[in-house]
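The values are calculated or read from the model by the stated rules, or taken from the named source; none is laboratory data. Quick caveat, the model's predicted, so the values are computed rather than measured. So basically every Cβ, Gly included, is an ideal-geometry build from the backbone, and we count neighbours across all protein chains shown.
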Amino acid sequence: MQASFEDMGTPLREVAFVVVDLETTGGVAGAHAITEIGAVRVRGGTVEEEFSTLVDPGRAIPAQITVLTGITNAMVAGAPSVGEALVSFLEWARWSEADTVLVAHNARFDVGHLRRASRELALPWREPTVLDTLALARRTWGRSDVPNHRLGTLASFVGSPTRPTHRALDDARATVDVLHAALQVLAPQGVTHLEDLATATDPVPARRRVKSRMADGLPTGPGVYRFLSRTEQVLYVGSAVNLRRRVRSYFTAAEKRPTIARMLETAVGVRVIETATEIEARVRELRLIAELNPPANRRSRTPQHRPWVRLADAPEPHLVTTTALASDDVLSAVGPFPSRSAAREAIRAAESVLRLRAWDGRALKSPIAGGTSADTGTAMRALSGEVDLVAVPVLRRVEELAARERYEEAGAWTARLRSLLLGASRAERVRPLLTCPHLIAARRRDGGGWELVAVRWGRLAGSMTTPAGADPRPAVDALRATAQVVERPQRVGMGAGVDETLLLADWVLDAGARLVEVADCGNEDGSGCAVLSWPIGAAARHRRVLDSGP
């Protein structure tokens, strides 16, 4: 099965199945092997067209093949050549159409011959969506139903009026009946749409596949979905570009996560929230996970208040971790870090250079009395964007340790520096949004038009799209007027987690986005504002260290 479809959500009754069978000389696939092509086009259970032709393979047909198929050398004399027959068949089959599926029994054989011959003869070949009725039959009927899955056995089992004879058109007709019978059995198990065919032959438990009906009727645009238990508990939250397609995918073999498999056993329904844009769906997903703590979401176990590293407000200056960073301090702090342990590793790297605490080369001691040896100015610069003040000396130390073959120590210091650089890199990304009261950014949509996003104090305030070819300026005015009012939070993470700000930073400050408008920071002295740009920061320059971790 090939799972690439341009048009998702097509009911099987609307799909055109081109069922094909080939007879060959029995040799390897190639331009001089095909002796007959037979095919049937069916849609909605009704035969629309048939195609049949003998083919001159350009070589003698072996006697044993003639005994099997009844096709003689005399019969193919004067028949179209392989090239002529293939051109006619490819024009007739039209499987480049989005709702057309090529079907064969043991499709590897038939499609392999067609592909190889077309390529040898330099004919245009576009890979079709393929359904193998042999694999489909094995998925549908076990050995308790049929002794084997040969076409003749299956045709007899399903009551086909056509007996396979090793002639192409007869065998194609019998395959049509096997196809329809198998789809009829699988329909109650959720194989009802074109996209279901991609995994119809996968070993998915029937009790799970049948639940794919939860996706029926769901919208095909972006949004958030929630799987619900019988008691209306939210089990799992996710976001999607296409809600129907994404929800359906959970009931196929493509879904292999054990936690999700257990969740699907309990789920009895899906509830969705449509959104204007994909980025809005992803933001709503984060918010719902934080609010509902669904048991099947791994991210629901991630701390919502991530630690930062800042200079302590104390008589004896030193670096500390905090999960309650004041918004006014965001320009002079590094983070957020994924955990307190990662933040402590970053502090070890920084303090070993800044010497805000007594340092014996192995561990931090108590703060230096009176701070006489502490350069707080350098510390503030390092935390405010000049991380090279720490990174360069630590890298020099790593090189010295490596030169003395103290590789374990060198690796430990590299890991500590990496924690610091990752925190500094995140700070560089979120500062512009956390310090900005209002901005609107735009990105072109694949199908034309624009996606517009309003961000206020690091929080999504609204989004919308414009049609292809439409003037986006009225939409910008409408978004500005309807965007959610967001007050500047006292602390980072209030009202919206910093993960939301990181997500928005990737979208808003990406090279493909345009800043449509940016409000002033509102402070009379202009303080507390970061420059809204996407420069290569000091942390990003140390790409080798950043990429050294797992």
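Here is a list: PHE109, PHE89. Which entry is within 14 Å of LEU22 (Cβ to Cβ), among the aromatic types (Phe, Trp, Tyr), crowded, with 17+ Cβ neighbours inside 10 Å and touching a residue at least 24 places away in the same chain (Cβ under 8 Å)?
PHE89
Taking the residues in the stretch 274-295 that are surrounded by fewer than 18 Cβ atoms within 10 Å (Cβ to Cβ) and touching a strand residue (DSSP E or B) at 6+ places or on another chain (Cβ under 8 Å) as candidates, determine which candidate is modelled with the highest pLDDT.
Applying the filter and picking the extreme gives GLU274.
Which of (1) modelled with pLDDT of 90 or more; (2) at positive phi is the odd one out, the single condition GLY385 does not satisfy?
If we test GLY385 against (1) modelled with pLDDT of 90 or more; (2) at positive phi, just (1) comes out false.
So, in the stretch 263-273, how many residues would count as being surrounded by 13 or more Cβ atoms within 10 Å (Cβ to Cβ) and either acidic (Asp, Glu) or in a helix (DSSP H, G or I) (or both)?
Qualifying residue count, the stretch 263-273: 3.
Test GLY537 against the criterion of being touching a Gly at 6+ places or on another chain (Cβ under 7 Å), at pLDDT below 70, within 25 Å of ASP328 (Cβ to Cβ) and in a loop (DSSP other than H, G, I, E, B), and give yes or no. Write out each step before concluding.
Values: touching a Gly at 6+ places or on another chain (Cβ under 7 Å): yes; at pLDDT below 70: yes; within 25 Å of ASP328 (Cβ to Cβ): yes; in a loop (DSSP other than H, G, I, E, B): yes.
Answer is yes for this residue.
Can we say GLU120 is touching a Gly at 6+ places or on another chain (Cβ under 7 Å) and of a type in the set (Asp, Glu)?
Yes, satisfied.
What residue, of ARG244, ARG248, is crowded, with 20+ Cβ neighbours inside 10 Å, at pLDDT below 90 and assigned to a helix (DSSP H, G or I)?
Only one candidate qualifies: ARG248.
Only one residue in ALA402, ALA350, ALA342 is part of a helix (DSSP H, G or I), within 34 Å of the chain's Cα centre (by Cα) and either surrounded by fewer than 18 Cβ atoms within 10 Å (Cβ to Cβ) or at pLDDT 90 or above (or both), so which one is that?
ALA342
What about GLY458, is it touching a helix residue (DSSP H, G or I) at 6+ places or on another chain (Cβ under 7 Å), under 30 Å from VAL334 (Cβ atoms), buried (at least 19 other Cβ atoms within 10 Å of the Cβ) and not assigned by TED's automatic domain parsing to the domain that holds ALA281?
Spelling it out, GLY458 is indeed touching a helix residue (DSSP H, G or I) at 6+ places or on another chain (Cβ under 7 Å), under 30 Å from VAL334 (Cβ atoms), buried (at least 19 other Cβ atoms within 10 Å of the Cβ) and not assigned by TED's automatic domain parsing to the domain that holds ALA281.
Please go through the stretch 402-452 and give me each residue that is closer than 30 Å to ALA519 by Cα and among the charged types (D, E, K, R), ordered by number.
Correct list: ARG426, GLU428, ARG429, ARG431, ARG443, ARG444, ARG445, ASP446, GLU451.
Checking GLY449 against (1) surrounded by 16 or more Cβ atoms within 10 Å (Cβ to Cβ); (2) at negative phi; (3) touching a strand residue (DSSP E or B) at 6+ places or on another chain (Cβ under 8 Å), only one condition comes out false. Which one?
Exception for GLY449: condition (2).
Here are the criteria: (1) modelled with pLDDT of 90 or more; (2) more than 18 Å from TRP308 (Cα to Cα). Tell me which single one ILE368 does not satisfy.
In the conditions (1) modelled with pLDDT of 90 or more; (2) more than 18 Å from TRP308 (Cα to Cα), ILE368 misses (1) alone.
Confirm whether ARG306 is of a type in the set (Lys, Arg), closer than 30 Å to SER384 by Cβ and in a helix (DSSP H, G or I).
Values: of a type in the set (Lys, Arg): yes; closer than 30 Å to SER384 by Cβ: yes; in a helix (DSSP H, G or I): no.
Answer is no for this residue.
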